[in-house]
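Please read the structure below before turning to the comments.
The values are calculated or read from the model by the stated rules, or taken from the named source; none is laboratory data. It should be emphasised that the depicted structure is a prediction, and the values quoted were computed from it without experimental measurement. Glycine gets a Cβ as well: all are built from the backbone with ideal geometry, and neighbour counts include every protein chain shown. Keep in mind that these areas ignore ligands, DNA and RNA; they rest on the heavy atoms of the full protein, side chains included. Shrake-Rupley method; radii C 1.70, N 1.55, O 1.52, S 1.80 Å.
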Amino acid sequence: MRAPLFNLLLIAGFVGSHLAPAAAQTATPAPQTAAVSTDAIRQREQELEAARQRQKSAEEAQAKLKAEIASLGQDRTQLNQQLIDTAASVRSVETKIGEAESRLTALSGREQEKRASLDSRRADIVEVLAALQRAGRRTPPALLVRPEDALQSLRTAMLLGAVVPELRGRAEKLASELGELVALRKTIATERDQLGADRDKVRNDQARLAALVDERQRQQASREKDLDAENTRAITLSRQVGDLQGLIAKMEQDLQSAAKAAEAAKQAEAKAAANAKPGPATFKDRSRTSPAIAFASAKGLLPLPVNGTKIRDFGGSDGVGGVQKGISLASRPGSQVTTPCDGWVVYSGPFRSYGQLLILNAGGGYHVLIAGMERISVNIGQFVLTGEPVATMGSTSQVASILATNASQPVLYVEFRKDGTPIDPGPWWAANEGEKVRG
């Protein structure tokens, strides 16, 4: 039983060519070319079959999704429900993916540390291996490459008394460290499997969401015959103003769809004020066409529009010598952006140094500005519900002030305004998941 111990300690990969020449010469690898070739062919066939199955599943899922969307017809309530629920699912899985990646980074760091620790004790390992080989009665078989096998051999050798007493303590210490390494590798494998499953799920949810958004915009276009002309005019008008306040005023004064949205917001104030103290069902009406409650009464209820980390807060430095008038959230590339509140879209498109900009009239003189997305999926004049998907982040920052700081992640900028003046959005954000409005 000494030979397997020697052989499988070598498996850990900590000795290699540093082993004494006499020990190295005793190991004679067996030819494995044919076996490797057969295994490679088998693996390739399995990969092709898996790819075929994925393609078939994707086609079936797409056909099912088309049928589901077709069944919704013109039912605005059901479409809104699907949009908000699917967007929430996407953001939830995005959070899980981010957490899993952080755990994997930490685990991989621990694995590297453990391997470095064992590698630094190479001389001690060589000495133990050489002693065990001298005590053995036969030549070790061809070497493998799995530390799991090394650990099993070491445990077996100690259990059967094959390790001489003076080596037992050192062998036990090696077994303990190998055990930790094997456990880390198993944990990492489990985390990677779950991460892969989560990535598959988010891709499926994103595909579903894209189809739902297309249907929403198709229905919107059918109601608004001059939608393309309005969007083109909005971009033209945006080039005539130099700041956000001027843009808001210009849109709500000169653009028909934005003017209608502003008027609707004004008329909705009385109704929203009547619901100043929301009950459990206030936000559950997915067919509503005006805010569930007055914006001023929504403090402590609104969700952040994207998963991310706050890198700049209201009132702090904006990175270019000015003062931050909103907050900046660093997100993952491709993250889903949802509306933090009910409101009417009064601007949707590029604007100066803000990149893609979305402005919502939330009623009561309040406007919510969201910038830095790569793609916006709503049009001027639309009424959107809290939590509804409206945009997608890109792979880099789109806002000039963020670009100036060499930010490596995409960054979303969010600003609240009351009667044209930027205000601190802090009091409006929900403190935890349970308090957030869900449309």
Being open to solvent by 60 Å² or more (accessible area, probe 1.4 Å), touching a strand residue (DSSP E or B) at 6+ places or on another chain (Cβ under 8 Å) and either hydroxyl-bearing (Ser, Thr, Tyr) or closer than 30 Å to LEU107 by Cα (or both), is that true of even one residue in segment 186-199? no
Residue selected from segment 377-399 under the condition farther than 15 Å from PHE351 by Cα, surrounded by 23 or more Cβ atoms within 10 Å (Cβ to Cβ) and of a type in the set (Gly, Ala, Ser), by the criterion modelled with the lowest pLDDT: GLY381
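Of the residues that sit in segment 207-224 and are open to solvent by 70 Å² or more (accessible area, probe 1.4 Å) and modelled with pLDDT of 85 or more, which one is farthest from SER353 (Cα to Cα)? Let's see the steps before the verdict.
Here is the first cut: in segment 207-224, the ones open to solvent by 70 Å² or more (accessible area, probe 1.4 Å) are 214, 218, 223.
Within this subset, residues satisfying the condition of being modelled with pLDDT of 85 or more are 214, 218.
Values: ASP214: 28, ARG218: 30 Å.
Among residues in segment 207-224 that are open to solvent by 70 Å² or more (accessible area, probe 1.4 Å) and modelled with pLDDT of 85 or more, the one farthest from SER353 (Cα to Cα) is ARG218.
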Looking at (1) under 36 Å from the mean Cα position of the chain (by Cα); (2) modelled with pLDDT of 80 or more, which one does ASP254 not meet, given that it meets all the others? (1)
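On the basis of being of a type in the set (Gly, Ala, Ser) and closer than 20 Å to GLY381 by Cβ, does ALA207 make the cut? Steps first, answer last, please.
Values: of a type in the set (Gly, Ala, Ser): yes; closer than 20 Å to GLY381 by Cβ: no.
No.
Quick check on GLY372: is it open to solvent by less than 20 Å² (accessible area, probe 1.4 Å), at pLDDT 90 or above and at positive phi?
Working: open to solvent by less than 20 Å² (accessible area, probe 1.4 Å): yes; at pLDDT 90 or above: yes; at positive phi: yes.
Taking the combined requirement at face value, the residue satisfies it.
Conditions tested, residue by residue: (1) touching a strand residue (DSSP E or B) at 6+ places or on another chain (Cβ under 6 Å); (2) open to solvent by 20 Å² or more (accessible area, probe 1.4 Å); (3) at pLDDT below 60; (4) among the small types (Gly, Ala, Ser).
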{"position": "SER71", "(1), (2), (3), (4)": "no, yes, no, yes"}
{"position": "ASN80", "(1), (2), (3), (4)": "no, no, no, no"}
{"position": "ASP85", "(1), (2), (3), (4)": "no, yes, no, no"}
{"position": "VAL93", "(1), (2), (3), (4)": "no, no, no, no"}
{"position": "ARG115", "(1), (2), (3), (4)": "no, yes, no, no"}
{"position": "ASP124", "(1), (2), (3), (4)": "no, yes, no, no"}
{"position": "ARG137", "(1), (2), (3), (4)": "no, yes, yes, no"}
{"position": "GLU148", "(1), (2), (3), (4)": "no, yes, yes, no"}
Filter result for the condition that a residue is open to solvent by 30 Å² or more (accessible area, probe 1.4 Å), modelled with pLDDT under 75 and more than 30 Å from PRO305 (Cα to Cα), over ALA30, ALA12, ALA61, ALA3: ALA30
From the residues in segment 225-271 that are over 22 Å from GLN356 (Cα atoms) and in contact (Cβ under 8 Å) with a residue 40 or more places away in the chain, which one is most open to solvent (accessible area, probe 1.4 Å)? LYS266
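Taking the residues in segment 323-333 that are assigned to a loop (DSSP other than H, G, I, E, B) and open to solvent by 30 Å² or more (accessible area, probe 1.4 Å) as candidates, determine which candidate is farthest from TRP428 (Cα to Cα).
At the first step, the residues of segment 323-333 found to be assigned to a loop (DSSP other than H, G, I, E, B) are 324-326, 331-333.
Among the residues that remain, those that are also open to solvent by 30 Å² or more (accessible area, probe 1.4 Å) are: 325, 332-333.
Details: LYS325: 15, ARG332: 23, PRO333: 26 Å.
Here the residue is PRO333.
Residues to consider are GLY349, GLY300; find the one that is surrounded by fewer than 24 Cβ atoms within 10 Å (Cβ to Cβ), part of a strand (DSSP E or B) and touching a residue at least 24 places away in the same chain (Cβ under 8 Å). Quick ask: steps written out before the conclusion?
Working: GLY300 fails: part of a strand (DSSP E or B).
Of GLY349, GLY300, the one residue that is surrounded by fewer than 24 Cβ atoms within 10 Å (Cβ to Cβ), part of a strand (DSSP E or B) and touching a residue at least 24 places away in the same chain (Cβ under 8 Å) is GLY349.
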